[in-house]
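Only one structure is covered here, and it is reproduced in the block below.
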Amino acid sequence: MKGSRLILIIAIALLTMSVACVPAPGLVVNIKLVAKDLAFDQKTISVPANAKVIINFDNQDSVPHNFALSETAEAKTSIYVGEIITGRKTITYEFTAPVKAGTYFFHCDVHPNMKGDFIVIG
């Protein structure tokens, strides 16, 4: 019986710790991202896990660009894909950051050389 109680206490403690690692909903991160001369002005973006992310995207080129977020650099599994805008325009992208901490990959779907690391902090 004592062993069962100990296992139950440990299980509750682990569950409490795992829930505590996910930031509370409502955290908002605003980011300005510029596309100019076929490049992003940032190579790394860092956000807290599970935060609402608002990207104010400014396309300063005359060609189409967007912001897309994938699990890896191979971009096989998309997390978020923003609308492609052509010409000198701005757009606001909104999504929720992954819950799992780690390094993800952002890029332009039209120009694969435009890329960077999207770091989620747990």
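Brief remarks follow.
- Taking every alpha-carbon pair within region 49-89, the share separated by more than 11 Å comes to 69 percent.
- Distance between modelled label sites at SER62 and ILE91, nm, 7 Å Cα→Cβ extension: 2.1 nm
- By a 1.4 Å probe calculation restricted to protein chains, LEU27 has an accessible surface near 70 Å², given to the nearest 10.
- If both residues of a DSSP beta bridge must be in region 22-72, then about 20% of such bridges are antiparallel.
- Value of D in µm² per second that Stokes-Einstein yields for region 40-122, Kirkwood Rh from Cα pairs, at 25 °C (0.890 mPa s): 191 µm²/s
- Extension gain, VAL29 to GLN42, is 3.1 nm, computed as 0.36 nm per intervening residue step minus the present C-alpha separation.
- Partners of LYS89 within straight-line reach, counting aspartates and glutamates whose Cα lies under 15 Å from its Cα and excluding those fewer than 8 residues away in the same chain: ASP37, ASP58, ASP61.
- Whichever aspartates and glutamates have a C-alpha closer than 14 Å to that of LYS43, once near sequence neighbours (fewer than 8 apart) are set aside: ASP117
The values are calculated or read from the model by the stated rules, or taken from the named source; none is laboratory data. Keep in mind that this is a model prediction, so the values were computed, not measured. Methodologically, a virtual Cβ is constructed for each residue, glycine included, from the backbone with ideal geometry; neighbour enumeration extends over all protein chains shown. The accessibility values were calculated without ligands, DNA or RNA, using every heavy atom of the protein model including side chains. Shrake-Rupley method; radii C 1.70, N 1.55, O 1.52, S 1.80 Å.
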